[in-house]
Amino acid sequence: MTRLYGLPPDSRQRTAACGMLVARYQPLVRSCARKCRGSPKPPEELMQVGYVRLTKAINRFDPAAGGNLAAYALPCLSGEMKRHA
């Protein structure tokens, strides 16, 4: 994952690596969406919001600061979904 952050922001390799990370963290997005079950918004819409926020979290995450991506992304995802719900 640390190689991702050395790539230029608009490179194909970085885009592909981000796509792989989004696929890897799908369960995290689903878990956050399930917590908003009582929302009037459809689950698909909440998932979409989650994926957009996950992509932003991937791009903003700094592995040099320590921690892991899941720990960083979880509050970002759940907060954005709650605001949207």
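Modelled spin labels at A16 and R83, positioned 7 Å past Cα toward Cβ, are 3.4 nm from each other. Estimated at 0.36 nm per residue, the fully extended path between E44 and A65 surpasses their Cα-Cα distance by 4.3 nm. Size of segment 1-68 from its Cα atoms: along the principal axes, largest to smallest, the extents are 41, 26, 16 Å. The dipole here belongs to the chain: it is taken about the Cα centre, uses +1 on the Cβ of Lys and Arg and -1 on the Cβ of Asp and Glu, and is about 180 debye. A crude spin-label estimate for the pair V52 and L7, with each label 7 Å from Cα along the Cβ direction, gives 2.3 nm.
Bear in mind that the values in this text are calculations on the coordinates, not laboratory data. What you are looking at is a predicted structure, and each value in this text was computed from that prediction instead of being measured. Positions of Cβ are generated from backbone atoms using ideal geometry, with glycine treated the same way; all protein chains shown enter the neighbour counts.
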